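**Student:** The structure's right below; bear with me while I get my questions together.
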Amino acid sequence: MTDHMARIEDLRIRRRDFEIDGVSLDIARGTVVGLVGPNGAGKTTIIRALLGLIVPDSGRIELAGHLAGSTEGLARTGIVLDQPTAAPEWTVGSIGRRLSPFYPGWDQGRFDALLARLSVPTKRTVGELSRGQGVKLSLATALAQSPELLILDEPSSGLDPAARREIGDIIREFMVDPDHAVLFSTHITSDLTDLADELVVVVRGRIAVRGALTDVVDDFAVVRGDGPPPTGGVLGLQRRGDRWTALIRIEETASFGREAVIDAASVDDIIIHLGAEHEEVHA
Ligand SMILES: Nc1ncnc2c1ncn2[C@@H]1O[C@H](COP(=O)(O)OP(=O)(O)OP(=O)(O)O)[C@@H](O)[C@H]1O
């Protein structure tokens, strides 16, 4: 058994006006990796390449020890997208009967228990579900396949706070098995607190920051001020009228003098500032 559930090496995908530019990423067993970044940064493109849904221009991708897109790799992977993958005319209660022949590890008891826990109405058709109910159905379907790797692409957007917390608990329970791993892409970065071990920040098709979630947050700070913004040591700048905020490495703090207002950086601060495009930015 490999120690990683998924491995991406030097992934390159060229589109007309966008490029995934040399992304490498390991998802180790026993870890939850949070994938974050501004809109259009390339998170879904990376996930789709990992699942073999996009053929890259170059790079090597392994999923559960098999090449991307292989049946063996996908059989060990549960996938939660922001909408259900089941046919809209199927009733929720019939999904187990319909899908179980295709998944050797299908666990009907687990599927039924998750639908009940997440309050997904079993008599409705998939097409009649609300957006949030659809995400919950996708999660139940993914986990009923007894996967080793769970990939969630922005599941949180349609979910109420109680459901998001419930899904966090379900992911934690999934991670009780040390051989499991999760890749979780989200814009609601607070969902990653106490859940993600590692954070990967994608900006404009590249990995801008990666590391243990706590280390990443500790590595940065935000400086606030007005008037002419600083240039040296600034990784990203946000302006509102005369006022500005700048993302810096924590070790640069001293160079901003005693009058500077410096705060701890949140994950959102990191994404917003690294994603900002400003001529003054000197990375
Ligand atoms: N089929 C396609 N053809 C051309 N460009 C595409 C295609 N699919 C996505 N893109 C472009 O690739 C870039 C990355 O898109 P992607 O969906 O991977 O971003 P994302 O980080 O998941 O964004 P979001 O947070 O908005 O969901 C975007 O500029 C998008 O317009």
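Derivation of every value follows stated rules applied to the coordinates shown; laboratory data play no part. Just so it is clear, the structure is predicted and the values come from calculations on it, not from any experiment. Reconstructed Cβ throughout: ideal geometry from the backbone, glycine too, with neighbour counts over all protein chains shown.
**Student:** Based on the inverse mean of 1/r over its pairs of different Cα atoms, what is the Kirkwood hydrodynamic radius of segment 216-275, in Å? It would help to have the intermediate numbers written out before the result.
**Tutor:** Values: mean 1/r = 0.0885 Å⁻¹.
Hydrodynamic radius (Kirkwood, Cα only) of segment 216-275 equals 11.3 Å.
**Student:** Hey, can you rank 87-100, 195-208 by average C-beta count inside 10 Å, highest first?
**Tutor:** Ranked by mean Cβ neighbours within 10 Å, highest first: 195-208, 87-100.
**Student:** Over the chain, what is the percentage of antiparallel beta bridges among all DSSP beta bridges, to the nearest 5?
**Tutor:** 70 percent
**Student:** Starting from the Kirkwood radius over alpha-carbon pairs of the chain, derive D by Stokes-Einstein at 10 °C in a medium of 1.306 mPa s and give it in µm² s⁻¹.
**Tutor:** 79 µm²/s
**Student:** Using the Kirkwood radius over Cα pairs, work out the Stokes-Einstein diffusion coefficient for segment 56-189 at 4 °C and 1.567 mPa s, in µm²/s as a whole number.
**Tutor:** Details: Rh = 15.3 Å.
D = 85 µm²/s.
**Student:** Calculate for the chain the 222 nm mean residue ellipticity that helices alone would give, adding -39,500 (n - 2.57) per DSSP H run of length 4 or more and normalising by residue count, nearest 500 deg cm²/dmol.
**Tutor:** -7000 deg cm²/dmol
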